[in-house]
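Q: Below is one structure. I have some questions about it.
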Amino acid sequence: MAEDNIKMAIKDLDVYYYERLVLKKVNMVFRNRELTAIVGPSGCGKSTLLMALTRLLDTVPHARVEGSVELRSNDQGWLNVFRLGETDLPSLRRRVGLIFQHPNVLNTSIFKNVAFPLRLLGLSRQEIDSNVRAALIDVFLWDEVRDRLDSPASELSGGQQQRLCLARTLVLQPEILLLDEPTSFLDEDLAGKIENLLIRLKEERTVVVVSHYNDQVLRLSDRVYRLAGNQQESN
Amino acid sequence: MKLLSHRVLLAFFWLTGFLTLASVGSLLIFLFVKGVPSLSLQLIFGGADPFRALLLRERVFDGLFPAIVGTTAVVVLSVSWAIPVGIAAGIYLAEFSGQNLKKIFNFSFDILAATPSIVIGLFGLTVAIFLHQHFSDRIYPCLLTSSVALAVLVLPYIVRTTQLSIDAVPHSMRAAGLSLGASKLQNLYHVLLPSSLSGILSGVILALGRAAEDTAVIMLTGVVATAGIPGSLLAKYEALPFYIYYISSQYTDQKELMTGFGAALILLTICASLFVAAHLLKNLLVHRLRKK
């Protein structure tokens, strides 16, 4: 694989909570039009790693990172994620979308949850409507919620909330999509559909999936990184 | 043994809950029994015509009407000063200050919350004297100095409840807005404040009650026994807590003492009305923000 295909490069990343080292010397690259899987036992720092890549660890008191995470920018230069100022972070998080393991819907309606990132961008009502609809169709949720878009999102089931969160990130069309256990709340049929969606998404962007389902990883991924303890074990 | 200790503990909790309710209940019953017989238009408006007095066309000399207006004015004014400063400080402490600065601020607000109200009253009086000597000889202890001193008194309640309510928003919710490209301010406005508004407004309600009941602060900063309805912020004023204190310590006969109970019942009604208004406002705002 040619080096110019690399979208994000993690170099010697260490993450600390207080003085405890929770991730040690992580080195990974995520390539364009590839699906990379990160596997490892519970508590090995997979979710922490995804939070670090989007600088969301900044919001966790006493968390600290060392090393570098570089993101290829549009003009073919490299952007050190850890050197970005506070005002550049919204743009980073729109380019690198993160979907959390546990659905975290906002305290508002189904429609407004998906429309939220688009409203921040100042899109017109018409553009928001069509984008929300397309995203909900993509995650196979449209038919289930089309008649109750104004209902609170918290009334949806766990699986529906997980797909809503996926739709909410997809509307931003991020260049890199980081998904933390994206099918953990879904039944087999829906999990299969979401896997197909991920395969489709990787045709045009970089997809990174944290998963503990070995068969899912084997089916989907072009590259696998394994974390064990607090260290990267192999790739 | 385990079952027994569980039952004993449960009985203790039940008893403490019951005692709390019983003490509030007996206080209210006592106040109603003593206060209701003395309630009359005469108590509120004295010899003045109630309608003309309400329209401020006739001055009330021997009724509680000026004290009712004075109490409402001083409470509303003090909370109006304290709300913007308190909420802004609470937001700053929850979202923007560094850990060390937060510790210093929290320690300072805790000290302020624990300061006896008479000390804050003395501070208000000193400020009034300072302003009188150095800025304008028209400034004396007045409605303005009372309301500012009361605002200082209730400020820690608003700061702390705002800070704690924002801190209590789950990290997953906080991260949701940020992960979707919201800036820190956008996240605050669209995610954190709607989620914590209910708690913040509960702090405001607490502050309303604290401002309404305090006597020590206003005694030193502008309240008097007879002043009529205050015509400006620089005027002296009457207030129900001071009237109750004054009557209960200076009464000459039983009838006069009973008017103190009537005044207490009216004060309770004003507080309850302000609580209800604040609750309605809270529900309206929470509903509006969730709909946004």
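Q: Identify the residue in the range A:69-93 that is β-branched (Val, Ile, Thr) and closer than 19 Å to A:Asn32 by Cβ and, among all such residues, is nearest to the other protein chains (Cβ to nearest Cβ). Steps first, please.
A: Pass one, the range A:69-93, residues β-branched (Val, Ile, Thr): A:69, A:81, A:87.
Remaining after also requiring closer than 19 Å to A:Asn32 by Cβ: A:69, A:81.
Numbers: A:Val69: 16, A:Val81: 14 Å.
Looking at residues that are β-branched (Val, Ile, Thr) and closer than 19 Å to A:Asn32 by Cβ, I get A:Val81.
Q: Can you confirm whether A:Gln160 is crowded, with 20+ Cβ neighbours inside 10 Å and at pLDDT below 90? Before the answer, list the steps.
A: Working: crowded, with 20+ Cβ neighbours inside 10 Å: yes; at pLDDT below 90: no.
When the stated conditions are applied, A:Gln160 does not pass them.
Q: Collect the residues in the range B:186-217 that are touching a Phe, Trp or Tyr at 6+ places or on another chain (Cβ under 6 Å) and either within 22 Å of A:Leu121 (Cα to Cα) or hydrophobic (A, V, I, L, M, F, W, C) (or both), keeping them in residue-number order.
A: B:Ile205, B:Leu206, B:Ala207
Q: Looking at A:Arg200, A:Arg168, which one is in contact with a helix residue (DSSP H, G or I) (Cβ under 8 Å, 6 or more places away or on another chain) and of a type in the set (Lys, Arg)? Please lay out each step first, then the result.
A: Working: A:Arg200 fails: in contact with a helix residue (DSSP H, G or I) (Cβ under 8 Å, 6 or more places away or on another chain).
The match here is A:Arg168.
Q: Looking at the structure I just gave you, is B:His190 under 17 Å from A:Ala115 (Cβ atoms), more than 24 Å from the chain's Cα centre (by Cα) and within 12 Å of chain A (Cβ to nearest Cβ)?
A: For B:His190, the condition - under 17 Å from A:Ala115 (Cβ atoms), more than 24 Å from the chain's Cα centre (by Cα) and within 12 Å of chain A (Cβ to nearest Cβ) - is met.
Q: Let me ask something else. Looking at A:Leu166 and the list (1) aliphatic (A, V, I, L, M); (2) within 13 Å of another protein chain (Cβ to nearest Cβ); (3) in a strand (DSSP E or B), which single condition is not satisfied?
A: With (1) aliphatic (A, V, I, L, M); (2) within 13 Å of another protein chain (Cβ to nearest Cβ); (3) in a strand (DSSP E or B) applied to A:Leu166, the lone miss is (3).
Q: Condition test on B:Ile166, is it closer than 30 Å to A:Gln162 by Cβ, touching a residue at least 12 places away in the same chain (Cβ under 8 Å) and either under 23 Å from the mean Cα position of the chain (by Cα) or buried (at least 22 other Cβ atoms within 10 Å of the Cβ) (or both)?
A: yes
Q: Here is a follow-up. Picking from B:Ala94, B:Ala128, which residue would you name as being more than 14 Å from B:Ala211 (Cβ to Cβ) and within 14 Å of chain A (Cβ to nearest Cβ)?
A: The unique qualifying residue is B:Ala94.
Q: Report whether or not B:Val8 is in contact with a Pro (Cβ under 7 Å, 6 or more places away or on another chain) and either without any contact (Cβ under 8 Å) to a residue 12 or more places away in the chain or not in a helix (DSSP H, G or I) (or both).
A: Details: in contact with a Pro (Cβ under 7 Å, 6 or more places away or on another chain): no; either without any contact (Cβ under 8 Å) to a residue 12 or more places away in the chain or not in a helix (DSSP H, G or I) (or both): yes.
In short, no.
Q: Then there is this: How many residues does the range A:21-58 contain that are without any contact (Cβ under 8 Å) to a residue 60 or more places away in the chain and at negative phi?
A: 7
Q: What about A:Gln126, is it touching a His at 6+ places or on another chain (Cβ under 9 Å) and either at pLDDT 90 or above or away from every other protein chain (no Cβ under 12 Å) (or both)? I'd like the intermediate steps shown before the answer.
A: Values: touching a His at 6+ places or on another chain (Cβ under 9 Å): no; either at pLDDT 90 or above or away from every other protein chain (no Cβ under 12 Å) (or both): yes.
No; evaluated as a whole, the condition is false for this residue.
Q: If you check A:Ser184, A:Ser211, which single one turns out to be under 17 Å from the mean Cα position of the chain (by Cα), surrounded by 21 or more Cβ atoms within 10 Å (Cβ to Cβ) and polar (S, T, N, Q)? Step through it out loud before you land on a result.
A: On the way: A:Ser184 fails: surrounded by 21 or more Cβ atoms within 10 Å (Cβ to Cβ).
The conditions single out A:Ser211.
Q: Take the conditions among the aromatic types (Phe, Trp, Tyr), assigned to a helix (DSSP H, G or I), surrounded by fewer than 20 Cβ atoms within 10 Å (Cβ to Cβ) and out of contact with any strand residue (DSSP E or B) (no Cβ under 8 Å at 6 or more places or on another chain) and apply them to B:Phe261. Does it pass?
A: Working: among the aromatic types (Phe, Trp, Tyr): yes; assigned to a helix (DSSP H, G or I): yes; surrounded by fewer than 20 Cβ atoms within 10 Å (Cβ to Cβ): no; out of contact with any strand residue (DSSP E or B) (no Cβ under 8 Å at 6 or more places or on another chain): yes.
For B:Phe261, the condition - among the aromatic types (Phe, Trp, Tyr), assigned to a helix (DSSP H, G or I), surrounded by fewer than 20 Cβ atoms within 10 Å (Cβ to Cβ) and out of contact with any strand residue (DSSP E or B) (no Cβ under 8 Å at 6 or more places or on another chain) - is not met.
Q: Still on this structure, please answer the following. If a residue has to be modelled with pLDDT of 90 or more and either under 30 Å from A:Ser151 (Cα atoms) or aromatic (Phe, Trp, Tyr) (or both) to count, how many in the range B:235-292 make the cut?
A: Total satisfying the criteria: 6.
Q: Looking for whichever is part of a loop (DSSP other than H, G, I, E, B) and more than 21 Å from B:Leu265 (Cβ to Cβ) here; the options are B:Leu206, B:Leu201, B:Leu233. Which one fits?
A: B:Leu233
Q: Might you check whether a residue that is in contact (Cβ under 8 Å) with a residue 60 or more places away in the chain, assigned to a helix (DSSP H, G or I), of a type in the set (S, T, N, Q) and touching a Ser or Thr at 6+ places or on another chain (Cβ under 6 Å) occurs anywhere in the range B:58-71?
A: No, that holds for no residue.
Q: What are the pairs, 6+ residues apart or on separate chains, where a residue within the range A:187-200 that is under 15 Å from A:Gly158 (Cβ atoms) has its Cβ under 8 Å from a residue that is modelled with pLDDT of 85 or more and among the aliphatic types (A, V, I, L, M)?
A: Final answer for the pair search is A:Ile194/A:Val139; A:Ile194/A:Leu166.
To keep it simple, each residue is scored yes or no on (1) in a strand (DSSP E or B); (2) surrounded by 14 or more Cβ atoms within 10 Å (Cβ to Cβ).
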site: A:Asp4; (1), (2): no, no
site: A:Met8; (1), (2): yes, yes
site: A:Lys11; (1), (2): yes, yes
site: A:Asp14; (1), (2): yes, yes
site: A:Leu21; (1), (2): yes, yes
site: A:Met28; (1), (2): yes, yes
site: A:Thr36; (1), (2): yes, yes
site: A:Pro41; (1), (2): no, no
site: A:Cys44; (1), (2): no, yes
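Q: Right, another one. Within the range A:118-163, work out how many residues are more than 24 Å from A:His102 (Cβ to Cβ), not in a helix (DSSP H, G or I) and not acidic (Asp, Glu).
A: The total comes to 5.
Quick grid of which residues meet (1) within 14 Å of another protein chain (Cβ to nearest Cβ); (2) over 21 Å from B:Ala176 (Cβ atoms):
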position: A:Leu172; (1), (2): yes, no
position: A:Leu178; (1), (2): yes, no
position: A:Thr183; (1), (2): no, no
position: A:Ile199; (1), (2): no, yes
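Q: Could you identify the single residue in B:Val286, B:Val276, B:Val217 that is within 14 Å of chain A (Cβ to nearest Cβ), among the β-branched types (Val, Ile, Thr) and not in a strand (DSSP E or B)?
A: Unique residue meeting the criteria: B:Val286.
Q: Residues that are over 30 Å from A:Met51 (Cβ atoms), among the polar types (S, T, N, Q) and free of Cβ contacts under 8 Å to residues at least 60 places away in the same chain: does the range B:253-260 have at least one?
A: Checked the range B:253-260: at least one residue is over 30 Å from A:Met51 (Cβ atoms), among the polar types (S, T, N, Q) and free of Cβ contacts under 8 Å to residues at least 60 places away in the same chain.
Q: Another question about this same structure. Which ones in the range A:100-119 are closer than 21 Å to B:Lys184 by Cβ and at the interface with another protein chain (Cβ under 10 Å from one of its Cβ atoms)? Give the steps one after another, and end with the answer.
A: Here is the first cut: in the range A:100-119, the ones closer than 21 Å to B:Lys184 by Cβ are A:100, A:104-108, A:112-113, A:115-119.
Within the range A:100-119, A:Phe100, A:Asn104, A:Val105, A:Leu106, A:Asn107, A:Thr108, A:Lys112, A:Asn113, A:Phe116, A:Pro117, A:Leu118, A:Arg119 meet the criteria.
The values are calculated or read from the model by the stated rules, or taken from the named source; none is laboratory data. Source: prediction; values computed, not measured. Quick reminder, even Gly has a Cβ in these numbers, built from the backbone with ideal geometry, and neighbours come from all protein chains shown.
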